[in-house]
Amino acid sequence: MRKASIGLTPEGVPSLALTGLATLTFALLGWWPLTIVFLVLFWFCLHFFRDPERVVPSAPGLAVSPADGKIIKIQHMPDPFTGEPRQCICVFMNVFSVHVNRSPVEATVAGIKYHPGKYLNAAWDKASTDNERCAYNLQDAEGRHWTMVQIAGLIARRIVCRVEEGEGLGRGERFGMIKFGSRVDLYLPDDYVSTVRIGEQVFAGQSVLAQRKTENGN
């Protein structure tokens, strides 16, 4: 049975409490311009910190998107853990996207590396090496290594990591979020191939980003 959910991520509670209290206070004081301003901010926080349930594909040999957003890049890039070139799929999230991140596959967290850095536009190429980011090395049941990187953006100022090394994650399971506009990169193992195209909109835990190659290599 699926656990009940109110559809909000816990990280949003302080922002919702603050803007909600301010809205109520200004309304009781009769300061309507400020009431309207904080009511809009409350609505924005409510929208930003939403955490809807997703239908996770159960078929074997699939990897789902770690984030909501638009595919902005599919190319070979150096893996943050090994330095080896691997196919990477980049998902860009704007401020209106759901910002809760999910595991692309069922795997164990083999390593986590946090890198302090700048807050450049997350869509830029050098964001993957210059921006603040958190990289995860995931090992699936068959020994493949997946690398997933949360990258802070121009507005984003906090990367949230909810897991520790050694923990297991199911496919589509929540592992963290990035507050406000940002990006998530997924580096694929050699025997997986991308199934999406640049410009496509995807949804975390639900949209298939990659699948295992067949025996003929396709």
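The values are calculated or read from the model by the stated rules, or taken from the named source; none is laboratory data. Computed from a predicted structure; not experimentally measured. When we count neighbours, we look across all protein chains shown, and the Cβ atoms used for this are built from the backbone with ideal geometry, even at glycine. Surface areas here come from the heavy atoms of the whole protein model, side chains and all, with no ligands, DNA or RNA. Shrake-Rupley method; radii C 1.70, N 1.55, O 1.52, S 1.80 Å.
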Residue check: is residue 25 without any contact (Cβ under 8 Å) to a residue 60 or more places away in the chain, touching a helix residue (DSSP H, G or I) at 6+ places or on another chain (Cβ under 9 Å) and surrounded by fewer than 16 Cβ atoms within 10 Å (Cβ to Cβ)? yes
With the first residue restricted to the stretch 98-112 and required to be under 13 Å from residue 64 (Cβ atoms), and the second required to be loosely packed, with under 15 Cβ neighbours inside 10 Å and hydrophobic (A, V, I, L, M, F, W, C), Cβ contacts under 7 Å at 6 or more apart or on different chains are 106/141
Taking first residues from the stretch 153-165 that are surrounded by 13 or more Cβ atoms within 10 Å (Cβ to Cβ) and second residues anywhere that are at pLDDT below 65 and among the hydrophobic types (A, V, I, L, M, F, W, C), the pairs with Cβ under 6 Å that are 6 or more apart or on different chains are 153/122
I'm trying to understand the selection: among the residues of the stretch 82-114, which are assigned to a loop (DSSP other than H, G, I, E, B), over 14 Å from residue 205 (Cβ atoms) and open to solvent by 50 Å² or more (accessible area, probe 1.4 Å)? 82, 84, 94, 96
Among the residues of the stretch 33-81, write down those that are surrounded by fewer than 17 Cβ atoms within 10 Å (Cβ to Cβ) and among the polar types (S, T, N, Q). 58, 75
